[in-house]
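S.K.: Take this structure first; my questions come after.
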Amino acid sequence: MSELEGMTAKQKLAYYQEKMYQDALDGKAKGELVCWSSSIAPCEFCEVMGIHMIYPENHAAAVGAKHGALAMIELAERRGYSLDICSYARINLAYMDLLVEEAKTGVTPKELEECPGPRIPLPDVIITCNNICNTLLKWYENLAVELNIPYIIIDVPYVHHWPIPEYTKEYIADQFEYAIKQLEDLCGKPFDRQKFIEVQEQCQRSVNAWDRAMGMACTVPSPLNGFDMFNFMALIVCARAKYAAEDTFNTLADELEAKAARGEDAFKGGEKFRIAWEGIACWPYLSHTYKSLKSLGCNMVGSTYPGAWSIHYTVGNMKEMGAGYCKMYSNTCLDHKVDVISDVLTSTSSTGITYHLNRSCKLMSFLNVETAEIVKERTGVPYVSFDGDQTDPRNFSPAQFDTRVQALAEIMEQNKK
Amino acid sequence: MSKVETILANMKAVAANPKQAIADAQAKTGKAAVGVLPVYAPEEIVYAAGALPVGCWGKATKNISKARTYLPAFACSIMQSIMEMELEGVYDDLKAVLVSSPCDTLKCMGQKWKGKCPVIQFVHPQNRNLESANVFLVEEYKLVRKALEEALGVTITDEAINKAIDVYNENRQAVRKFLEVAADYPQVIDPVARHAIMKARFFMDKADHTAAIKELTAELEAMPKEAWKGKKVILTGITAEPDEFLEILKEFDIAVVADDLAQESRQVRVDVPEGDEPLMRLAKQWQNMYGCSLATDRDKDRIPMICDMVEKYGADAVIYCQMKFCDPEEFDYPLLYSKMEEKEIRNLMIEIDQQASSFEQIRTRIQSFVEMF
Ligand code: SF4
Ligand code: SF4
């Protein structure tokens, strides 16, 4: 691990991410198994089995951030996928088609060659968990049918009334056992329960380090800006079960603590307002949205992202682990969603919030009006809403975004007085 | 008027004016009405409570105005209408409303009900092959039962639910039989009439619907079969409304010989199995459901199911009725399309929009589609 010595958190992030993609490609070439997984599905089981993990949402976000989304989206549309479908799904399903074509013909299609995102191998198994949305169930169902491979579903039923009922936890725990059985059948070897304990322990250490680093956004002024958080998120998604995540986030937390101790903030003293961002980033416009906010002195410190991967449970307790994967605010009722967002605003001392009305994401859009109103009533924090899409570049208007956040900055300025 | 004509006229009247139909049913039975949003719900529990379950599947609503505040334009067309009607107070006479959560849109709809009556939201499990999924669903149905008891001020016994299951199973069987028979009488049961019969189910006491359907089926069976010179199609999707669309099919001599619409055949596809514990019986019905975009299926059996239907009914084509902005259906389409192309099954996708103001484009597309045959 000597090559990691002295690396900054950012360097570690890049190093580990690249390594995971490369390991998966090399592994696939050697006949090892690869799994595609939704971003908050339990990673513990595949890790125990030594399966390489690829996260299509991460991958699609990377393709989007590197401006490769449109080419994939057009392919998906040609295949018959409506432009109303989540753009992550469209990118991934098109990418899968290209990989299949390559595997069949031995020729790399032009679009695949030119795709700016990292190369990923085809999966041998897929796992999804609908704690983010039910769109994932349909998306992965299509992958399973097209590729004719085992499909592991962790169904965490929508919590229409908080808290999570015991019977829901029992149902999820039983599905964990079924997932283990599916993996045993696929791998032709028994599931190592001792290793499972170790992997769960690693996940808890990674999540603690993640909490520690993300918690620094609560410091006023904040040494962390939320756009870095968007970037670091990739690793809590793909490396929760590995030392890589623990290592990187502890390094990040050390750096941020040192920065805070020196009294520095993320904008070199320019943090004028602290705001929260509700929803997914607009990856193709990451730089635009960042600069637009920065020019107004708005540091985005509040987000529901940190909480989404803050999955704590007692190691060895399947029901608790089930609850951990069920509690995401996206999977819970309006009341709980409001609680979560209000807590984010309070804990990060945010005085404004932007709601991303995401054309791709019905679940993270259709309760925005109600959420925004109740949160405002409860916390007094003003909000604005803008239209966007996490990866389809056609659904975002830079001018509208700028106008909306300017309006927010004006209200925050007034509220200061 | 012949008996057949009378029954059809009644069904059409019910389907065209649900408000009146519900009022009539209530006047006759003294029952309170409980709303049931798409797509599936344990209506038998409502029926067992002595109430009239009423389907709420939106309606042709050209102007969405009030709902705009609460639902972005990219929510499905049917929920746009429902939201508009919630805000207009259309559902305020209901004693309660049941909302399932099989798609992201419905999860949200259950949380943002704007009507006056209580909303009872519940979830179907999606890892459907597991016994633990049934156990989970029984617990959800217990909550539904309890909430209905509170809303209606009654006690719902197991015995009453078992009896309601019998009524519903009988209705499902009668409707399935009718659909089989109707396929042989396209001259009598045209697309508009067929839909009216299926839609009337949502506003009539199921026992009354069963009686009418059985009579209609018997009358049909007594009639001579005539050769059909037009085309035969299968409809698949969420709904095939409004009637203007079906009128176009009729105009071009296209008969609907079978369907896989959520509003129609999917409602009667699977009976509630035998058993002692009624809520477990209802849970197992969901486990046994197949061929639906909202019931997760690792093999997507909807695809071979539709291909088989084409063969069984000698259909000339499949029309994919794509509800505008319905993503579960949008995901199934490309795979089904590829399979149909591979099998050389003619197919056409039509966008279903309750907010449509003109049907000219659909008419042109249907016309050129028929000409291609
Ligand atoms: S963007 Fe929304 S719809 Fe797409 S996968 Fe994420 S949560 Fe689901
Ligand atoms: S998205 Fe589709 S399944 Fe969901 S409510 Fe709308 S029409 Fe129904």
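S.K.: Expressed as a whole number of Å, what is the distance separating the alpha-carbon centroids of segment A:259-306 and segment A:165-221?
M.R.: Between the Cα centres of segment A:165-221 and segment A:259-306 lies a distance of 30 Å.
S.K.: Any lysines with Cα under 19 Å of the residue B:232 Cα? List them, leaving off those in the same chain fewer than 8 positions away.
M.R.: In chain and number order, the partners are B:177, B:250, B:312, B:343.
S.K.: Where the centre of each part is set by its Cα atoms, how far does segment A:371-395 sit from segment B:75-94, in angstrom?
M.R.: Between the Cα centres of segment A:371-395 and segment B:75-94 lies a distance of 24 Å.
S.K.: Let me ask something else. Taking the 0 to 90 degree range and rounding to the nearest ten, how far is the long axis of helix A:135-147 tilted relative to the main principal axis of chain A, both from C-alpha atoms?
M.R.: The answer is roughly 30 degrees.
S.K.: In whole Hz and in residue order, list the ³J(HN,Hα) couplings for segment A:20-33 that follow from phi through the Karplus curve 6.51 cos²θ - 1.76 cosθ + 1.60, θ = phi - 60°; x for Gly and Pro.
M.R.: Along segment A:20-33, the couplings run 5, 5, 5, 4, 5, 5, 5, x, 4, 4, 8, x, 7, 7 Hz.
S.K.: While we're on this one: Kindly express, to the nearest 10 degrees and within the range 0 to 90, the angle between helix A:69-79's C-alpha long axis and the longest C-alpha principal axis of chain A.
M.R.: Its long axis makes an angle of about 50 degrees.
S.K.: Placing one identical point scatterer on every Cα of segment B:22-157 and ignoring solvent, what is log10 I(q)/I(0) from the Debye formula at q = 0.11, 0.18, 0.19 Å⁻¹?
M.R.: So the normalised log intensities work out to -0.42, -1.02, -1.11.
S.K.: Give the long-range amide H neighbours of residue A:273: residues separated by 5 or more places, or on another chain, with amide H under 5 Å away, using H modelled in the peptide plane at 1.01 Å from N.
M.R.: For residue A:273, whose amide H was placed from the backbone, the distant partners under 5 Å are A:298, A:299.
S.K.: Right, another one. For the residues A:160, B:124, what sequence is obtained by ranking on other C-beta atoms within 10 Å, fewest first?
M.R.: A:160, B:124
S.K.: Next question. What percent do you get for the relative contact order of chain A when only Cα pairs under 8 Å and 6+ apart count?
M.R.: 18 percent
S.K.: Another question about this same structure. Which whole number in µm²/s is D for chain A by Stokes-Einstein, with the Kirkwood Rh taken over Cα pairs at 10 °C and 1.306 mPa s?
M.R.: The estimated diffusion coefficient comes to 72 µm²/s.
S.K.: Would you mind estimating how fast segment A:69-180 diffuses translationally, via Stokes-Einstein at 10 °C and 1.306 mPa s with the Kirkwood radius over Cα pairs, in µm²/s?
M.R.: In µm²/s, the coefficient rounds to 100.
S.K.: Given all pairs of different Cα atoms, what value in angstroms does the Kirkwood hydrodynamic radius of the protein assembly as shown take?
M.R.: 27.9 Å
S.K.: Here is a follow-up. Excluding residue B:278 itself, calculate the net charge of residues whose Cβ lies under 10 Å from the Cβ of residue B:278, where each Lys or Arg counts +1 and each Asp or Glu counts -1.
M.R.: Spelling it out: positives minus negatives among the neighbours equals -2.
S.K.: When every alpha-carbon pair in segment A:206-416 is counted, what percent end up more than 25 Å apart?
M.R.: 37 percent
S.K.: Normalised radius of gyration for segment A:277-325, please: alpha carbon Rg relative to 2.2 N^0.38 Å, two decimal places.
M.R.: 1.70
S.K.: Moving on to the next point. By the scheme Lys and Arg +1, Asp and Glu -1, what is the net charge of all other residues having a beta-carbon under 10 Å from that of residue A:111?
M.R.: -4
S.K.: Can you tell me the relative contact order of segment A:206-416? Whole percent, Cα pairs under 8 Å, sequence separation 6 or more.
M.R.: 22 percent
S.K.: Rank-order B:87-99, A:351-363, A:97-109 by packing density, defined as the average count of other C-beta atoms within 10 Å over each peptide's residues, highest first.
M.R.: So the peptides B:87-99, A:351-363, A:97-109, ranked by packing, come out A:351-363, B:87-99, A:97-109.
S.K.: Please compute, over every Cα-Cα pair in segment B:255-373, the percentage with a separation greater than 18 angstrom.
M.R.: 60 percent
S.K.: Compute the label zone of residue A:413 within segment A:258-280: residues whose backbone N is under 13 Å from the point 7 Å along Cα-to-Cβ.
M.R.: Only A:272-273 pass the distance filter.
S.K.: When we measure straight from the Cα of residue A:294, which aspartates and glutamates land under 18 angstrom away, once same-chain ones fewer than 8 places off are left out?
M.R.: Those aspartates and glutamates meeting the cut-off are A:228, A:264, A:265, A:271, A:278, A:402, A:410, A:413.
S.K.: Tell me, what HN-Hα J-couplings in whole Hz come from the Karplus equation 6.51 cos²θ - 1.76 cosθ + 1.60 at θ = phi - 60° for each residue of segment B:345-350, using x for Gly and Pro?
M.R.: Going residue by residue, I get 9, 5, 8, 9, 9, 10 Hz, with x marking Gly and Pro.
S.K.: Any idea what % of Cα-Cα pairs in segment B:159-253 are farther than 23 Å?
M.R.: The share of Cα pairs beyond 23 Å in segment B:159-253 comes to 31 percent.
S.K.: Can I ask one more? For residue A:169, go through the lysines and keep the ones whose alpha-carbon is under 24 Å away, minus same-chain ones fewer than eight residues off.
M.R.: List returned: A:138, A:181, A:195, A:319, A:327, A:337, B:107, B:142, B:146, B:284.
S.K.: Could you work out, residue by residue across A:127-135, how many beta carbons of other chains sit within 10 Å of that residue's beta carbon, and then give the average as an integer?
M.R.: Whole-number average of other-chain Cβ neighbours for A:127-135 is 3.
S.K.: Turning to a different aspect of this structure: Which angle between 0 and 90 degrees, to the nearest 10, do you get for helix A:334-347 versus the longest principal axis of chain A when only C-alpha atoms count?
M.R.: The answer is roughly 60 degrees.
S.K.: Using modelled backbone amide H atoms (1.01 Å from N, in-plane), which distant-in-sequence or interchain residues come within less than 5 Å of residue B:347's amide H?
M.R.: B:318
S.K.: Could the peptides A:35-47, A:183-195 be put in order, highest first, of the mean number of other beta-carbon atoms found within 10 Å of their residues?
M.R.: Ranked from most to least packed, the peptides come out as A:35-47, A:183-195.
S.K.: Now for a separate question. So what are segment A:221-295's ellipsoid semi-axes, whole angstrom, largest first, if each one is the square root of 5 times an eigenvalue of the alpha-carbon gyration tensor?
M.R.: Gyration-tensor ellipsoid for segment A:221-295: 22, 19, 8 Å.
S.K.: Here's a follow-up. What order do you get for A:58-67, B:24-33 when each peptide is scored by the mean count of other beta carbon atoms within 10 Å, highest first?
M.R.: Highest to lowest by the protection proxy: A:58-67, B:24-33.
S.K.: Taking the DSSP beta bridges in segment A:9-195 as the whole, what percent of them are antiparallel, to the nearest 5?
M.R.: If I count the DSSP bridges inside segment A:9-195, around 0 percent turn out antiparallel.
S.K.: Stokes-Einstein D for segment B:1-50 at 37 °C, 0.692 mPa s, Kirkwood Rh over Cα pairs, in µm²/s?
M.R.: In µm²/s, the coefficient is 258.
S.K.: Ok, one more. What is segment A:9-195's relative contact order, in percent, from Cα pairs under 8 angstrom and six or more apart in sequence?
M.R.: 22 percent
S.K.: Find, to one decimal place in angstroms, the Kirkwood hydrodynamic radius of segment A:9-195, where the mean of 1/r is taken over every pair of different Cα atoms and then inverted.
M.R.: One over the average 1/r among Cα pairs gives 17.6 Å for segment A:9-195.
S.K.: For chain B, taking Cα atoms only, what is the radius of gyration to one decimal and the Dmax to the nearest whole Å?
M.R.: For chain B, the Cα-based Rg and Dmax read 19.9, 59 Å.
S.K.: Under a Cβ-Cβ cut-off of 9 Å, what is the net charge of the residues other than residue B:168 that fall near it, where Lys and Arg count +1 and Asp and Glu count -1?
M.R.: Local net charge: -3.
S.K.: To the nearest 500 deg cm²/dmol, what mean residue ellipticity at 222 nm is calculated for the protein assembly as shown from DSSP H runs of n ≥ 4 alone, each contributing -39,500 (n - 2.57), summed and divided by the residues?
M.R.: Roughly -17000 deg cm²/dmol at 222 nm, from the helical runs in the protein assembly as shown.
Computed from the coordinates by the stated procedures, all read-outs in this text should not be read as laboratory data. Fair warning: this is a prediction, and the values are worked out from it, not measured in the lab. Note: ideal-geometry Cβ built from the backbone for every residue, glycine included; neighbour counts use all protein chains shown.
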